[in-house]
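Every number in this text was worked out from the coordinates using simple rules, so none of it is lab data. Model, not experiment: these values are computed from the prediction. Glycine gets a Cβ as well: all are built from the backbone with ideal geometry, and neighbour counts include every protein chain shown.
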Amino acid sequence: MTTLQPPAATGARRAGPPVPRLRRSWAGWGFIGPFVLVFALVFLVPLGYSVYLSLFRTRLIGGTTFVGFDNYQQALQDPQFWDGVARVGLFLVVQVPIMLGIALFVALAVDSGRLYGKEFFRISVFLPYAVPAVVATLMWGFLYGPRFGLVGDINDAFGLHLPDPLSSQLVLASIGNIVTWEFVGYNMLIFYSALRVVPHSLYEAAEIDGAGPWRVVAAIKLPAIRGALVIATIFSVIGSFQLFNEPAILQKLAPNTITTDYTPNYYTYSLSFSGQQHNYSATVAIVMGVITMVVAYVVQLRGMRKEA
């Protein structure tokens, strides 16, 4: 009696198609490699070297020695540094809302479609951003001059005594006016670009519901560009803490008003290039960078929380 033998393949797992082995490809690194290299050379290496410099101190006797975090302790107790931080903080609180408010108003006006010649108006508002900061500051500095500028000419022509824009009471506001003139067009373009991508169906629905222009702005346009508002605010915060060109140039016109420690960046520059205190200058720059990063991060968190 014969018994049937099961096929040999029975019980054995049938082999499927061969699975291709994943091969590591370096093509992606070829695309991002140049950026990584440039990023390391212009950001990581200078940052690391600044941290390295901040850990040393150069003395007349003994040369350069390792001091650890002594420079940071000195920076945290430096009244000149903190006076500059308080000054740019006041500048930030007052100037940034005014600048962004004007930019937002202009963007809404251009986007409304009711502004005559809006293309020319948009270019005119943006044009000051194309002027280099040095040229803009020199131009406004000569306008501010009480003896040789526009203010002085008005005083001589009409027998007036207009306040000196470069006095200690008004110089910070004068710098704010220059920065606002320079960057209103830049922020306006950010807001206007965000407004252009708002779906027209929202406007049509609002028109059907009988919403007026101000209701459309409050309920549709402002919520739609909240992300652009947050980005512009962060850029403005960083720019305020980096204030350097305007006080550095106006200092020649008002040497008794604008000191070399007027802003933290100007203080850092003066320490390094005038005082030859490279190590302490690197320390102040790092501390100021950390402060800027923390404030910008807080602004970002609040903007994201409101958006959520």
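Descriptive notes on the structure:
- By the beta-carbon count within 10 Å of each Cβ, the least crowded to most crowded order of Phe191, Phe69, Phe56, fewest first, is Phe69, Phe56, Phe191.
- Inter-label distance, Gln169 to Val198: 4.2 nm, where each label sits 7 Å from its Cα along the C-beta direction.
- A simple spin-label model places the labels of Val290 and Val42 2.7 nm from each other, with each point 7 Å out along Cα-to-Cβ.
- For the pair the stretch 255-276 and the stretch 68-93, the centres of their Cα atoms are 13 angstrom apart.
- 17 Å reach of a label modelled at Ala206, 7 Å along Cα-to-Cβ, counting backbone N of the stretch 108-139: 108-115
- Cα gyration tensor category, rounded, prolate or oblate, for the stretch 231-308 with a/c compared to 1.5: oblate
- Given +1 at the Cβ of Lys and Arg, -1 at the Cβ of Asp and Glu and no other charges, the dipole of the chain around its Cα centre is 1580 debye to the nearest 20.
- Euclidean distance between Cα centres, the stretch 180-234 to the stretch 107-167, Å: 26 Å
- Among Tyr297, Tyr144, Tyr266, residue whose mean-square fluctuation peaks in a GNM of the chain (springs only between Cα atoms under 10 Å): Tyr297
- Membrane-span-like helices in the chain, defined purely by DSSP H runs whose alpha carbon atoms cover 30 Å or more axially and whose average Kyte-Doolittle hydropathy reaches -0.5, are 79-111, 171-196, 278-307.
- Pairwise FRET efficiency - Asp70 versus Phe158, Cβ, R0 = 51 Å, nearest 0.05: 0.35
- Given (1) 1.21; (2) 1.05; (3) 1.02, the label whose value is Rg/Rh (Cα atoms, Kirkwood Rh) derived from this model: (1)
- Using just its DSSP H runs of length 4 or more, each adding -39500 (n - 2.57), the chain gives a mean residue ellipticity at 222 nm of -20500 deg cm²/dmol after division by all residues.
- Whole-number percent relative contact order across the chain, with pairs defined as alpha carbons under 8 Å at least 6 apart: 25 percent
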